[in-house]
1. Could you list all residues from the range 38-53 that are crowded, with 16+ Cβ neighbours inside 10 Å and not aromatic (Phe, Trp, Tyr)?
2. Of the residues that make up the range 53-66, is at least one among the polar types (S, T, N, Q), modelled with pLDDT of 95 or more and over 22 Å from Ile7 (Cβ atoms)?
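The values are calculated or read from the model by the stated rules, or taken from the named source; none is laboratory data. Since we're looking at a predicted model, the values are computed, not measured. Backbone-built Cβ (ideal geometry, glycine too); neighbour counts: all protein chains shown.
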Amino acid sequence: MARAHEIFDPIAERQCALPDIDIGRMFGTEGLRVRAKVYAFVVHNGSLVVKLSEARAGDLIAAGGAGPMIMRGRPLREWVEVPMDAGPQAWEALIDEARAFVDAITP
């Protein structure tokens, strides 16, 4: 988890410099939010979790670059877990993509 935060925290700091972005609680951890809607966070196993369109999430899962986020035994359609070994550049790109997606669907 500490290594995951070494990757995530600098990205989160840059994200928080953008308008309407802050950090808040979700699923027992702190995550990045746009207008109070969470779009990215790190889970206990060190994976990055991001919210993307259902189609994009499906593409990432099918390509093997991510797995579905499982909550109470069921996969969440728009949330994927991306392992730490995907690397900082991939995490940053996905966090940017998640922010843009959630920003577009959040009034």
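1. Val38, Ala40, Val42, Val43, Gly46, Ser47, Leu48, Val49, Val50, Lys51, Leu52
2. The answer is yes, given that some residue of the range 53-66 is among the polar types (S, T, N, Q), modelled with pLDDT of 95 or more and over 22 Å from Ile7 (Cβ atoms).
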